[in-house]
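Below: the structure, in structure tokens.
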Ligand SMILES: [Zn+2]
């Protein structure tokens, strides 16, 4: 089963520039039009609060990346994986 993913970031002016990271959302069923979309990191956005992106661009939300079921190689490239954790000697 493939989970379709959607990328979006808060519109300019809704949050500080540094918090305008790209969140990852699961695409809702076509017959459902939710009031709000909830990102994998738990943040939710209503209509008019989100700039939808065709593809991941800019700074990604790290919390979303960790929870994304099928990570996009393009998104995870460059960010440290869990394999490097716990080795701080
Ligand atoms: Zn997020």
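Annotations for the structure displayed:
- For segment 8-55, a Kirkwood hydrodynamic radius built from all Cα pairs, placed in the Stokes-Einstein relation at 25 °C and 0.890 mPa s, yields a translational diffusion coefficient of 218 µm²/s.
- FRET efficiency estimate (nearest 0.05) - Cβ-Cβ, residue 3 to residue 35, R0 22 angstrom: 0.55
Any read-out appearing in this document is the output of simple, stated calculations on the displayed coordinates, not a laboratory observation. Keep in mind that this is a model prediction, so the values were computed, not measured. Heads up, the Cβs are rebuilt from the backbone with ideal geometry, glycines too, and the neighbour counts pull from every protein chain shown.
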